[in-house]
Amino acid sequence: MDVMTAIFERRAIRAFTADPVTRSRIESLIEASVQAPSARDLEPWAFVVFEGRDRLKRMAEEVREFLLASPAAQASPELRARFSDPGFDVFYGAPVLVVICATSGESQAAEDCCLAAQNFMLAARAAGLGTCPIGLARPWLSQPSTKEKLGIPAGQVPVFPLVLGRPDEQPGRRPRRPAAIVWR
């Protein structure tokens, strides 16, 4: 698959098969990720990979409880209802969670991690795999107690969590709003 096809066909996948993704495949996707540009060639990223649907299901329950107790959920009946649902799985039943972490406090570190994430997602699409960014998990992953429990090094900042797996759905291309372009 060429890069333009991957760009136009990549969609957030929210339903995954039970099939595992091999470590060698995950490593190849990470290798593609680190080809991203980075400010001053700092390459300020690290990857923490969690495998196994059962493990992710347990983690999703902790995220759900964390979100339910959040001020946003307390202020919004809509969010409170969503997070109160015991069936809510922030990781969508995926077999793999990849957390791209910033390893530097430099001003562009988070943006560089996002560039690496885009490479990861496009490479996954080209390989027939699906991904979905999971921004709701970032506050939970950033808690010092969570980082310690999960083995995320204290000096690393979770920037871009995403799930990975074999898609059990293939959403079609959706129209996008035209780009706002200012020519000077």
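The values are calculated or read from the model by the stated rules, or taken from the named source; none is laboratory data. If you're wondering where the values come from, they're calculated on a predicted model, not measured in any experiment. Heads up, the Cβs are rebuilt from the backbone with ideal geometry, glycines too, and the neighbour counts pull from every protein chain shown. Note: areas computed on protein heavy atoms with side chains; ligands, DNA, RNA excluded. Shrake-Rupley method; radii C 1.70, N 1.55, O 1.52, S 1.80 Å.
Miscellaneous remarks
- Tally, over segment 125-147, of residues that are among the basic types (Lys, Arg) and more than 16 Å from Pro167 (Cα to Cα): 2
- Counting only helices (runs of 4 or more DSSP H) that sit completely within segment 3-82, those holding 1 or more residues that are aromatic (Phe, Trp, Tyr) and farther than 18 Å from Ser142 by Cα correspond to 3-9.
- Filter result (over 17 Å from Asp112 (Cβ atoms) and within 17 Å of the chain's Cα centre (by Cα)) within segment 30-56: Val49, Phe50, Glu51, Gly52, Arg53, Arg55, Leu56
- Being basic (Lys, Arg) and open to solvent by less than 70 Å² (accessible area, probe 1.4 Å) is a description that applies to Arg125.
- If you filter segment 147-161 down to residues that are touching a residue at least 40 places away in the same chain (Cβ under 8 Å) and within 19 Å of Glu61 (Cβ to Cβ), you find that the one that is surrounded by the fewest Cβ atoms within 10 Å (Cβ to Cβ) is Gly151.
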